[in-house]
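Take a look at the structure below.
Please treat every number below as a calculation from the coordinates, not as lab data. The shown structure was predicted, so the numbers you read here are calculated from the model rather than taken from an experiment. All Cβ positions, glycine included, derive from the backbone under ideal geometry; neighbour counts span all protein chains shown.
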Amino acid sequence: MSLSNLGTEQLQEKDRSYVFHPSTYLAKHSRGETPNRIMAGAEGVYIWDTEGRKSLDGFGGLYCVNMGYGCAEIAEAIAQQARELPFAHVYAGQGTKPVALLAEAIVEYFGQNMRRVFFGLSGSDANETNIKLVWYYHNILGLPQKKKIISRLRGYHGSGLVTGSLTGLPFFHDHFDLPLEIVRHTTTPHYYRQAQDGESEEAFSKRCADELEALILAEGPETVGAFIGEPVLGTGGIIPPPQGYWTAIQAVLDKYNILLIADEVVCGFDRTGEKFGSHLYGMRPDIVTVAKGLSSAYLPISGSIIGERVWSVLEQGTEKHGALGHGWTYSGHTLCAAAALANLDVLKKKNILEHVRDVGPYWQEQMKAKLDGHPIVGEVRGVGILSAVELMRDPKQRIPFEPNLQVGVRAAATLLENGVIGRAMPHADTIGFAPPLIIKRNEIDIIVDATARTVDATYRSLKAEGVL
Ligand code: PMP
């Protein structure tokens, strides 16, 4: 059967019958009770489905299509590499041109004390690698007890066994026997929700650091190997850190010889208006996780960027024990590396960093101007081209809506009807935005206007239903 002859309904029927979707209510999907858009094409910041319904993709796929859709340079690089050499592994010291050039480009782009890049295919596998490397590191240094990893409640680091455990969202734990024993969670640095009355941002940051220190002391510092955090907390609600947070956290980690893993899967490659979120907040990570924006999702690729402190010990370990027993078949996949290399080229040629510094503040101002003070808006927050609106039953008293009302999910559905894709974040009633970084001012206006109309409509319908 020719694919082009298939209509939307036939494709939906196949989808419901055969596809096992991530993060989906499976039984409802099989019954045809979930939205089942079949996406068909895209250009710039727009994506459309088989019905021709076009949406402004305010979430850039899953915060990953940073250079936008239809980027000819990346597509060309992939085609050319596929003809020349689609795949050569990088085990046991073998290399390829795209992998060598890409690793160099990443190390240089991050700067600081970074030394090597280990490649994977997803943010989850990169973090899995990072945890193994933390364990190896402490073993080599004769500190085999230093195995626990601390992350934050509402942090997101993947959905594997260890990485799903690090993710501090119950949705990713419930019914999977997670989190694993080696993981501990500490305070979410969300000033609006967590601060006590009258507490300044600085004081709140200090309290977060004190709570981390108390946890480390309760566990025993000799058992804690690493702390992992996103510079701006992402999937847990797009929450920029309060003033002074990372400085205070870094001091605690230094005091107890605990490694810092900066999970830059969302923040990396210009999204915050700095090359990396770590740069924006003055973090000094030992290991950095990158994915998503590394290739703008044209092909899957991730990286663990390893700093001097860890790298020197890994090298030392192999002098003692021989080759490091870790790798995936597709580590440093040739085609994926070519895509990423072209993506970083485009990012530099288009001077995306300057662009984000220009339109990012405009976006944040516009969101605040149109939404702050609305009767159901608790907080409008963001940095660079990352933004969120949190809906609350009582914004002043900080009382959220009851979870069963699914206010965030409803609002995201209304927003879609208004032509814009935003994401109902999987915690509280927060709508998140992370469009392609190439977004222009007039496209930002479209998102902001649609969001303001959506919040109004949501408010009116909750009133009409007697919820408010
Ligand atoms: N870390 C962060 C900060 C992420 O946002 C994500 C994905 N949303 C991951 C890790 C996991 O990446 P992946 O889904 O590619 O495994």
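Just want the ordering: Arg184, Arg453, Arg154, from fewest to most Cβ atoms lying within 10 Å of their own Cβ.
Least crowded to most crowded, the residues run Arg453, Arg184, Arg154.
Determine, for Thr430, Thr167, Thr188, the number of other Cβ atoms within 10 Å of each Cβ, and report the residues in order from fewest to most.
Lowest to highest Cβ neighbour count: Thr188, Thr430, Thr167.
Please sort 233-244, 251-262 by packing, taking for each peptide the average over its residues of neighbouring beta carbons within 10 angstrom, highest first.
Per-residue Cβ counts within 10 Å, averaged per peptide and sorted highest first, yield 233-244, 251-262.
Note down the magnitude of the dipole of the chain about its Cα centre, charges +1 on Lys and Arg C-beta and -1 on Asp and Glu C-beta and zero elsewhere, to the nearest 20 debye.
Computed about the Cα centre, the dipole is about 140 debye.
Which order do the peptides 347-354, 18-25, 365-372, 98-105 take when ranked by the mean count of other beta-carbon atoms within 10 Å per residue, highest first?
Listed from highest to lowest mean packing, they are 98-105, 365-372, 347-354, 18-25.
Each residue of the range 438-448 in turn: what ³J(HN,Hα) in whole Hz from Karplus with 6.51, -1.76, 1.60 and θ = phi - 60°, glycine and Pro shown as x?
7, 4, 9, 4, 5, 6, 4, 4, 4, 5, 5
Name the residue farthest towards the positive end of the dipole of the chain from the options Ile78, Leu6, Cys267, assuming +1 on Cβ of Lys and Arg, -1 on Cβ of Asp and Glu, about the Cα centre.
Of the listed residues, the answer is Leu6.
Which cross-chain or sequence-distant (5 or more) residues have an amide H under 5 Å from the amide H of Asp394, H modelled 1.01 Å from N in plane?
The answer is Ile399.
For the range 319-468, what Kirkwood radius comes out of the mean inverse Cα-Cα distance, in Å?
On the way: mean 1/r = 0.0564 Å⁻¹.
17.7 Å is the Kirkwood radius here.
Treating only the Cβ of Lys, Arg, Asp and Glu as charged (+1, +1, -1, -1), what charge dipole size does the range 1-155 show about its Cα centre? Round to the nearest 20 debye.
940
What order, most packed first, do the peptides 29-42, 331-344 have when packing is the mean number of other Cβ atoms within 10 Å of each residue? Could you put the intermediate results ahead of the total?
On the way: 29-42: 13.6, 331-344: 25.9.
Highest-to-lowest ranking by the protection proxy: 331-344, 29-42.
With +1 on the Cβ of every Lys and Arg and -1 on the Cβ of every Asp and Glu, and nothing else charged, how large is the dipole of the range 73-349 about its Cα centre, in debye rounded to the nearest 20?
Roughly 340 debye for the range 73-349.
For Asp197, Asp394, Asp125, Asp270, what ranking results if the residue with the fewest other Cβ atoms within 10 Å of its Cβ goes first?
Asp197, Asp394, Asp125, Asp270
Read phi for every residue in the range 106-122 and hand back ³J(HN,Hα) as whole Hz from Karplus 6.51 cos²θ - 1.76 cosθ + 1.60, θ = phi - 60°, with x for Gly and Pro.
Taking θ as phi minus 60°, the curve returns 5, 4, 5, 5, 6, x, 6, 9, 7, 10, 9, 10, 9, 9, x, 10, 8 Hz for the range 106-122.
So what is the diffusion coefficient of the range 1-155 in µm² per second by Stokes-Einstein at 4 °C and 1.567 mPa s, using a Kirkwood Rh over Cα pairs?
63
Determine how many Å³ per residue the convex hull of the Cα atoms of the range 73-349 encloses.
Hull volume over Cα atoms, normalised by residue count, gives 127 Å³.
Please tell me the relative contact order of the range 73-349 in percent, rounded to the nearest whole number, where contacts are Cα pairs under 8 Å and at least six residues apart.
Dividing the mean separation by the residue count of the range 73-349 yields 29 percent.
For n ≥ 4 DSSP H runs only, could you compute -39500 (n - 2.57) per run for the chain, divide by its residues and tell me the 222 nm figure to the nearest 500?
That comes out to -13000 deg cm²/dmol.
Once each part is reduced to its C-alpha centroid, what is the distance from the range 339-374 to the range 200-235 in angstrom?
Result: 29 Å between the Cα centres.
Measure up Lys28/Lys292; Lys368/Lys440; Lys54/Lys440; Lys14/Lys54; Lys54/Lys349; Lys292/Lys348 against 20 Å on the Cα-Cα distance and list the ones that go over. Write out the running numbers ahead of the final one.
Working: Lys28/Lys292 29 Å; Lys368/Lys440 18 Å; Lys54/Lys440 17 Å; Lys14/Lys54 22 Å; Lys54/Lys349 28 Å; Lys292/Lys348 17 Å.
Result: Lys28/Lys292; Lys14/Lys54; Lys54/Lys349 exceed 20 Å.
Near the amide H of Arg152, under 5 Å away, which other amide H atoms are found, from residues 5 or more places off or on another chain, if H is placed in the peptide plane?
Thr186
Any chance you could list the semi-axes, whole Å, largest first, of the equivalent ellipsoid that the Cα gyration tensor gives for the range 178-264, using √(5λ)?
That gives 21, 15, 12 Å for the three semi-axes.
What's the center-to-center distance, using Cα atoms, between the range 3-81 and the range 108-150 in Å?
Their Cα centres are 33 Å away from one another.
Spelling out what I want: for every residue of the range 450-458, take phi, set θ = phi - 60°, compute 6.51 cos²θ - 1.76 cosθ + 1.60 (Karplus), and round to whole Hz; glycine and proline get x.
Running phi through 6.51 cos²θ - 1.76 cosθ + 1.60 with θ = phi - 60° gives 5, 5, 4, 5, 5, 5, 4, 5, 5 Hz.
Under the classification rounded if a/c is under 1.5, otherwise prolate if a/b is larger than b/c and oblate if not, where does the chain fall, given a ≥ b ≥ c as square roots of the Cα gyration tensor eigenvalues?
Note, shape of the chain comes out oblate.
Using modelled amide H (1.01 Å from N, peptide plane; none on Pro or chain starts), what sits under 5 Å from the amide H of Val420, excluding residues fewer than 5 places away?
Leu56
Among Asn257, Val183, Pro240, whose Cα projects farthest towards the positive end of the dipole of the range 164-276, with charges put on the beta-carbon of Lys, Arg (+1) and Asp, Glu (-1)?
Looking along the dipole axis, the top candidate is Pro240.
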